[in-house]
Amino acid sequence: MASITAGQPEPQATRPARRSELQAERVRAARLFLLPMLVALTLVAAWPLFRTIYFSFTDTSLSNIGAGKWVGFDNYLSVRTLSSGKVITRGVLVDPAWWNAVWNTFRFAIISVSIETVLGLLVALVLNAEFKGRGLVRAAILIPWAIPTIVSAKLWAWLFNDQFGMVNDMLMSLGLIDHKIAWTADVSTAMYAVLIVDIWKTTPFMALLCLAGLQMIPRDMYEAAKIDGVHPIKVFFRVTLPLVKPALMVAVIFRLLDALRIFDLIYVLTPNSSATKTMSVISRENLIDFDKFAYGSAQSTLLFLIIALAVILYIWLGRVDLGGQKQ
Amino acid sequence: MQRTRSLAAIFAGASLAALSATAAGAVNVNLVSGAVGADIAVYQELVKPWEEKTGNKVTFVPMPASTTDQFAQYKLWLAAGNADIDVYLVDVIWAPQLSEQFLDLTAAFAPVTNDHFPSIVASQTVNGKLVAAPFFTDAPALYYRKDLLEKHGEKVPETWEELSATAKKIQDAEREAGSKDLWGYVWQGAAYEGLTCNALEWLASNGGGDIVEADGTISVNNENAAKALETAAGWVNTISPGGVLSYTEEESRGVWQTGNAVFMRNWPYAYALGNGADSPIKGKFDVAPLPSGGGDNTSAATLGGWNLAVSKYSPNAEVATDLVLYMTGAEFQKGNAIKASHLPTIQSLYDDKDIAEAQPLIPHWKEIFLNAVPRPSAAAKVKYNEVSNKFWTAAHEVLSGSSTPQDSLELLEVDLDDLKGSGW
């Protein structure tokens, strides 16, 4: 509340009692204005999240959602000793399919976000330079980002098709490969296929965010460097990079969050391939396809925790200034 | 203010009118169905006599063609007790998984039960409750190029071995002659329900069992099954393209219908499309039962098909049941066979002259039906999807060469055993 009222130019008050009354009035109004948003957030974010976490501690099934019974941590980890003395452990935490999905997700997120950041920065540097038709190029480069993911995934599925796909056709006629590659079917290439599509799609987004950061850098800094005769590469590492870093770090956070919950692209391009199955894909599979609603809820809860942890770690390690307090 | 009030009056009047229409007996029945090809247009036309007779109306709600996507949506709707949809068109394997949410049709269907194939009625009966009424059925066959077989003096293969040899011979000879993109055999090898169908056929036609038997025993880990998977793995990159491991029905039909395959395993829908006016292979192909493992083994075709179920949450259950009876009746099924080449579930229609004339393939399919094998959906009940997923994953690993048949079947047995727990 304080930040809302603090910004207002307050007349120097002569009667403190009235001023505080006015301030209280303002605070009340602010609360009233915030209320619809809070209600909406509770309904669409907090309530589903709470329900998912609750379901993960029950044995709910989708055929009868109301009939779930409390089972404690069994969906996460349960240890049973059989009459033969054999100890059996069950649950998401010891499920190799889940950890495979976690590994896939992180591998995907780290590789795709790193490449996208580098490429995005390069594109942004080009777009930041003065040249003819710059506006047009800036608009054109956004096209992959503007296409809905489902559409671009379908489009690339055809490009990657082993028999009629353009990718194979081009590589064949260039003589780079001697037989047609089954991009999405082969376990060893499936992840590359997904990465290629994701990088193609989201580099423009990174470029846009980087460009916004680049335009904040004052021109006179470059002019000063030019007069001093500093080498352009040195200018990049000593002037551009440090100054664009805050914007870049925020852009990376956006992408990281996006990449860690990747679903649509993989669901369309390589569904069911254990080489690309991510946390979101596997939890949906359990929730809907396998009638293991509670188990899927446990995976969704872990997904939430893992992403939260990853972001906290990133902010802490990278000292990202999200609040904009440090100037 | 005045305007709002008059608007409200109009709405109130409209909803009253709708209510009184319901009271008078005219009901709108909502039927949800996957939109495959021209199916929905055909149904709309065929349902007209019923609409005229009863004064009710049927609204078809189209869904994506992918059965997995349909299943997910239906499950969510039913879990939420959705009252908007009265009738669901459901896949043959869904009955045990959705049985709690649909009405029992046993009594309503009793007078006509014996007209339909008993195996199909049985597949839709869960604990004595008829969950869905048979609408049309489906079984895959071996599509072959008449012209190519004739040219190379080969006959239609009856065993998998013959198929491999014939495919290899023709593929090599034709590639020599310049058709570089020709492949011997295309099928569905992507990791999805279709691979379960394909691999179940290899197993069953080689004496390798049905994954999970009707009594619930897990039979998948046996020598015949391993041999069958090994044979299939040998096709990849020899007579089948490597990409077959990502093919669903449409991708394999793509290779086939452009004239780039000698054999294809596919469902009946590919027959009408392959003989379409602009098809390069029009009139050049025919169908036969899928090959078998030889010896005493018989050919096996996975039983597919679609059935109509009435939602438990439907406010018009009686009218909806009447519609289901009409749509599964002889008149509708005959029209559906003639117009959409959907195979009837009523046995006598296979000898019907009009159908034989319009769709010569349908009488052909009766033979394929005799060897139809059901997927283990009745045995595995609500766990079927997971059983199927584990099975196709194991099969896919063998096909892609990342595991041996013996290892992967042994692991699969352990996994299925865990999944089964104390019972299905």
Length released on extending from A:Arg238 to A:Val311, taking residue separation times 0.36 nm less the Cα-Cα span:
23.5 nm
Residue among A:Ala298, A:Phe57, A:Cys210 farthest towards the positive dipole end of the protein assembly as shown, charges placed on Cβ:
A:Cys210
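Based solely on its DSSP helices, what 222 nm [θ] is calculated for the protein assembly as shown when runs of n ≥ 4 H residues each add -39,500 (n - 2.57) and the sum is averaged over all residues, nearest 500 deg cm²/dmol?
Working: 35 runs with 406 residues, N = 751.
That comes out to -16500 deg cm²/dmol.
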Quick one: helix B:160-176 against the long Cα principal axis of chain B, what's the angle to the nearest 10°, folded into 0 to 90?
80
Chain B, relative contact order [Cα under 8 Å, separation at least 6], %
24
Which of A:Ile282, A:Ile312, A:Ile141 moves most in a GNM of chain A, Cα contacts under 10 Å?
A:Ile312
Dipole magnitude of region A:96-318 about its Cα centre (Cβ charges: Lys, Arg +1; Asp, Glu -1), debye to nearest 20
520
Sorting A:Thr42, A:Thr117, B:Thr54 on the 10 Å Cβ count, fewest up front, what's the list?
A:Thr42, B:Thr54, A:Thr117
Quick check on the protein assembly as shown: of the DSSP beta bridges with both residues there, what percent are antiparallel, nearest 5%?
65
Can you give the charge dipole size of chain B about its Cα centre, rounded to the nearest 20 debye, using +1 on the beta carbon of Lys and Arg and -1 on the beta carbon of Asp and Glu?
1240
Check the straight Cα-Cα distances from A:Lys234 and name the lysines below 21 Å, setting aside those fewer than 8 residues away within the same chain.
A:Lys226, A:Lys245
Please list B:93-99, A:25-31, A:182-188 highest first by mean number of surrounding beta-carbon atoms within 10 Å per residue.
B:93-99, A:182-188, A:25-31
Options A:Asn286, A:Gly175, A:Asn75, ranked by Cα towards positive dipole end of chain A, top entry (Cβ charges):
A:Asn75
Where the only charges are on Cβ atoms (+1 Lys, Arg; -1 Asp, Glu), what is the dipole of the protein assembly as shown about its Cα centre, to the nearest 20 debye?
3880
In whole Å, what is the distance between the alpha-carbon centres of region B:169-200 and region B:358-424?
21
Residue by residue through region B:376-390, the couplings from Karplus 6.51 cos²θ - 1.76 cosθ + 1.60 with θ = phi - 60°, in Hz, x for Gly and Pro, are x, 6, 6, 6, 8, 6, 5, 8, 4, 4, 6, 4, 4, 4, 5
Going by average Cβ neighbours within 10 Å, how do the peptides B:115-121, B:247-253, A:290-296, B:278-284 rank, with the highest at the top?
A:290-296, B:247-253, B:115-121, B:278-284
D (Stokes-Einstein, µm²/s), Kirkwood Cα radius, region B:134-207, 0.890 mPa s at 25 °C
173
In nm, the gap between the two label points placed 7 Å beyond Cα toward Cβ at A:Thr81 and A:Leu155 is 6.1
Scoring region A:96-318 by relative contact order with C-alpha pairs under 8 Å, at least six apart, yields a percentage of 30
The protein assembly as shown: Kirkwood hydrodynamic radius (Cα pairs, Å) comes out at 30.0
Given springs between every Cα pair under 10 Å in a Gaussian network model of chain B, which of B:Thr166, B:Thr113, B:Thr196 has the largest fluctuation?
B:Thr113
Expected max-MSF residue from B:Glu161, B:Glu193, B:Glu357 in the GNM of chain B (alpha carbon, under 10 Å) is B:Glu357
Please compute the modelled spin-label separation between A:Leu43 and B:Leu419, points set 7 Å along Cα→Cβ, answer in nm with one decimal.
4.0
Cα-projected label distance for B:Lys366 with B:Glu223, points at 7 Å along beta-carbon direction, nm
4.0
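FYI, it's all coordinate maths here, none of it is from the lab. None of the values given here were measured: they were computed from a predicted structure. Positions of Cβ are generated from backbone atoms using ideal geometry, with glycine treated the same way; all protein chains shown enter the neighbour counts.
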